[in-house]
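Each remark here refers to the structure printed beneath this line.
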Amino acid sequence: MMITTMSSHVPELLPGAGTIALTPLPSALSTQLAATLAGVLLLSAVLLAWRLSARASIRLIALQGAALAALVATLGLEAGDPELIGTAVLVLVIKAVVLPWVLSRAARHSRTDRESTPRLGPALSVLAAAALIVLAYLVGQPLIAADSGFAADAIPVGLGLLLVGLLLMMTRRRAVSALVGFLMLDNGIAVVAFLLAGGLPVIVELGVLLDLLLVVLILQVLTARMPGKFGGTDLEDLSELHD
Amino acid sequence: MSTAIWIAFLFPAALAVVTVLAARARVAGLASVAASAVVLACGITLTAATARTDAVECAGGVLRADALSAFMLTAIGAIGLVSTWGALDLRPRNPRTAARLQSLLCAFLSAMSLAVLADNLGLLWVAVEATTITTAFLVGHYRTRHSLEAAWKYVVLGSTGVAIAFLGIVVLYGATVQAGTPTLSWTGLTQIAGHLDPGLMRLAAGLAVLGFATKAGLAPLHSWLPDAHGQAPAAVSGLMSGVLLAVAFYAILRIQVIADLALGPGLMRAMLVSAGLASLAVAALLLIRQQDYKRMLAYSSIEHVGLLALGAAAGGTLAITAVLLHILGHGLTKSSLFVLSGRLLRAEGTARIASVHGLLARRPKLARPFLIGLAALLGFPPFSLFFSELGIIIGGWQRGLGVVMGAALVLLLVAFAALSRLATRMSFGAPPGGSAAEPATSAPAPAAGPQLPVFLALGVTAVIGFLTVPVGLMLARAAETLAG
């Protein structure tokens, strides 16, 4: 891979940043790579719907974050855009390393590793996840039609991750599972952002990642306080305030 | 002039850092009051500036203060001042916790100021999410079971909603990329909105409004609100009910302009009418059997945000000007009421309505302003809510929403009846325990707290409905910016 200088079409939020570019990958290779990564993302979503163990869920969400980072890197190599590569590294660090670490600290506060009584058992969860992914493909058609960019067919994958994330947040009873669902929802939105629009302006993306990190940290602190007040991290206990 | 923009959000942020570092200084209690006062001053300066020019810009157009932003900044400052000054506690029992509270309040004010000054929708989004982050620990401040539950629900629901709004902004950006002019600037979007793909715009606007409606407390995404506003400390509840809901609603107003330019008024109108009526219905019905006076005030906030949504759905000069007046009037009234309810909670030790009878006899210094505030909230003249509610209803009727406004009136009457019944139960009747008037001397300095901010807030609310020249002009200028 040669590094050549050429002017860039990147929106000028960092003036002068686009003056170095990378020679893009051959188009067939990058398309295949993107398709494989989209498949990995979908597979991780279905596996997350299936597994009830907190440790397994955290490893799967780290895998999902890594696949997302790889997808962003592929986009960057395909377009010859170094800013996207930088974003991919940041996404990798935060979504595949830092956030799973924060989640594992939150998981230490619940007494058991397995979720014992979820509202939907593993088999039903997988079926529901599959149905939601099909729904995502139906809903995402206008998005594919509107986008003539690279790997547009994979946009519904992002919507699918969003819907399965919502499913997890609503049907699991433990705080850690709700956090995993929230991270998956955010990963899904990130997929749509990168595939539909080639990523948002860099400052916005930095702000979004920072916000996400802070929200998860806050939820981890709240999870840490739960055993002291409620004797566990079962979210069903959080139902005393009502009218 | 652009320095006013920088100061408006940098000064509170700087105070937030300073307060948490100088945790032992007694004067930390003044930090949030100072921050609010500075925001108010910047708001007034920018209002004066935008009366003459179109807008003040800086940072290459990323930050922009038009008449609407200046008005919102003034509202944030004024309502913030009432809440923080009213809850001022210069001798806290635990200085470090108090300093942390003050620091988070300053950060909260900074985030809200940034949100209304951002021209870039991505920056607006980041600021709105920052308000969730700064208020998370404020809601959970008291470390009880209930406040932990409230904080958890607030952060999860609020962040999920805002994430959906982010998807909407992403799709919107995608539409601009597809049209060849990638931009997230609101002013830029108003110019190219007509050229954007309607299918994408429908998805984008729908998701964005859905997301910000969660933060604004519109039904059916309101379930976090009574818990969060009921459990938070008084100053926080006042700020959240008074301004945070308004800032989230401001985001909806900005999106509405773009969506109406790209799609015509149909989609936004349908969404806002359903959300508005649903909020009014939820509030009216749940006020009837309300048992906790802080939750009562929270449900009243849902009712008023529903009314704001109906006003925005109607559109047109009268309704929008009334909406803006309502934001200010409701904010000032609600924050005073929360300040007073905080003192009431400290004096009585309970938030249950059934346990606080005969307040007028027992604690007149607390009960009188509380009743006056409730009268303002119910929409009695001369308070400005009377005029703003009337303006919204007449404006809506003029713009073809007659049936909707009729339904709204019925629901408002139900809420009125419920709220007045609860107010009379609290103010009159025999004191609990049956003993003859236990005078307020038994509790240490019961209505302890500055009376001036409450007096000023209710006084201003009583007067602004009549001040056509300074206030009316300012509102008209602000409403113009929304006319596209």
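Out of all the residues in region B:149-161, which are open to solvent by less than 10 Å² (accessible area, probe 1.4 Å) and within 19 Å of the chain's Cα centre (by Cα)? Write out each step before concluding.
Of the residues in region B:149-161, the ones open to solvent by less than 10 Å² (accessible area, probe 1.4 Å) are B:149-151, B:154-155, B:158-159, B:161.
Answer for region B:149-161, where residues must be open to solvent by less than 10 Å² (accessible area, probe 1.4 Å) and within 19 Å of the chain's Cα centre (by Cα): B:A150, B:A151, B:Y154, B:V155, B:G158, B:S159, B:G161.
Please go through region B:174-204 and give me each residue that is surrounded by fewer than 24 Cβ atoms within 10 Å (Cβ to Cβ) and more than 12 Å from every other protein chain (Cβ to nearest Cβ), ordered by number.
Passing the criteria: B:W186, B:T187, B:T190, B:Q191, B:I192, B:A193, B:G194, B:H195.
Is region A:35-51 home to any residue that is within 24 Å of the chain's Cα centre (by Cα), open to solvent by less than 10 Å² (accessible area, probe 1.4 Å) and at pLDDT below 90?
Within region A:35-51, not a single residue is within 24 Å of the chain's Cα centre (by Cα), open to solvent by less than 10 Å² (accessible area, probe 1.4 Å) and at pLDDT below 90.
Which one of these is surrounded by fewer than 22 Cβ atoms within 10 Å (Cβ to Cβ), part of a helix (DSSP H, G or I), at the interface with chain B (Cβ under 8 Å from one of its Cβ atoms) and at pLDDT 90 or above: A:L166, A:L162, A:L185?
The conditions single out A:L166.
Give the number of residues within region B:96-148 that are farther than 13 Å from B:V62 by Cα, more than 14 Å from every other protein chain (Cβ to nearest Cβ) and open to solvent by less than 10 Å² (accessible area, probe 1.4 Å).
6
Failed condition for B:T53, given (1) free of Cβ contacts under 8 Å to residues at least 40 places away in the same chain; (2) within 22 Å of B:K334 (Cβ to Cβ); (3) away from every other protein chain (no Cβ under 11 Å), with all others met?
Only one criterion in (1) free of Cβ contacts under 8 Å to residues at least 40 places away in the same chain; (2) within 22 Å of B:K334 (Cβ to Cβ); (3) away from every other protein chain (no Cβ under 11 Å) is unmet by B:T53, namely (2).
Based on this model, can you work out whether A:T74 counts as over 23 Å from A:D211 (Cβ atoms), polar (S, T, N, Q) and surrounded by fewer than 20 Cβ atoms within 10 Å (Cβ to Cβ)?
no
Is one or more of the residues making up region A:79-102 open to solvent by 50 Å² or more (accessible area, probe 1.4 Å), among the charged types (D, E, K, R) and either at negative phi or under 13 Å from the mean Cα position of the chain (by Cα) (or both)?
no
Looking at region B:358-412, what helices (runs of 4 or more DSSP H) fall wholly within it and have at least 2 residues that are open to solvent by less than 10 Å² (accessible area, probe 1.4 Å)?
B:364-378, B:384-398
I want to confirm something. Restricting to region A:169-182 and keeping residues that are part of a helix (DSSP H, G or I) and of a type outside the set (V, I, T), which single residue is surrounded by the most Cβ atoms within 10 Å (Cβ to Cβ)?
A:L179
In region A:209-225, which residue that is β-branched (V, I, T) and more than 7 Å from chain B (Cβ to nearest Cβ) is surrounded by the most Cβ atoms within 10 Å (Cβ to Cβ)?
A:T223
Could you tell me whether A:T233 is buried (at least 21 other Cβ atoms within 10 Å of the Cβ) and either more than 9 Å from chain B (Cβ to nearest Cβ) or among the acidic types (D, E) (or both)?
yes
Within region A:189-203, work out how many residues are within 8 Å of another protein chain (Cβ to nearest Cβ) and outside any loop (DSSP other than H, G, I, E, B). Talk me through it step by step, then tell me what you get.
Kept after step one, since they are within 8 Å of another protein chain (Cβ to nearest Cβ), are these residues of region A:189-203: A:189, A:192-193, A:196-198, A:200-201, A:203.
Now narrow it down to the ones that are outside any loop (DSSP other than H, G, I, E, B): A:189, A:192-193, A:196-197, A:203.
Residues flagged as within 8 Å of another protein chain (Cβ to nearest Cβ) and outside any loop (DSSP other than H, G, I, E, B) within region A:189-203 amount to 6.
Give A:A152, A:A136, A:A107, A:A79 a once-over and let me know the one that is among the small types (G, A, S) and away from chain B (no Cβ under 14 Å).
A:A107
Can we say A:T112 is away from chain B (no Cβ under 11 Å), without any contact (Cβ under 8 Å) to a residue 12 or more places away in the chain, hydroxyl-bearing (S, T, Y) and open to solvent by 10 Å² or more (accessible area, probe 1.4 Å)?
In short, yes.
Give region B:269-281 a look and list any residue that's among the hydrophobic types (A, V, I, L, M, F, W, C) and crowded, with 24+ Cβ neighbours inside 10 Å, or say none.
Correct list: B:L272, B:A275, B:L280.
Being at pLDDT 85 or above, of a type in the set (A, V, I, L, M, F, W, C) and surrounded by fewer than 24 Cβ atoms within 10 Å (Cβ to Cβ): is that true of B:L345 here?
Yes: the conditions hold for B:L345.
What number of residues within region B:294-320 are under 19 Å from B:Q256 (Cα atoms), among the β-branched types (V, I, T) and buried (at least 24 other Cβ atoms within 10 Å of the Cβ)?
Qualifying residue count for the region: 2.
The values are calculated or read from the model by the stated rules, or taken from the named source; none is laboratory data. The shown structure was predicted, so the numbers you read here are calculated from the model rather than taken from an experiment. Positions of Cβ are generated from backbone atoms using ideal geometry, with glycine treated the same way; all protein chains shown enter the neighbour counts. Quick note on the areas: whole protein, heavy atoms, side chains included, nothing else; ligands and nucleic acids left out. Shrake-Rupley method; radii C 1.70, N 1.55, O 1.52, S 1.80 Å.
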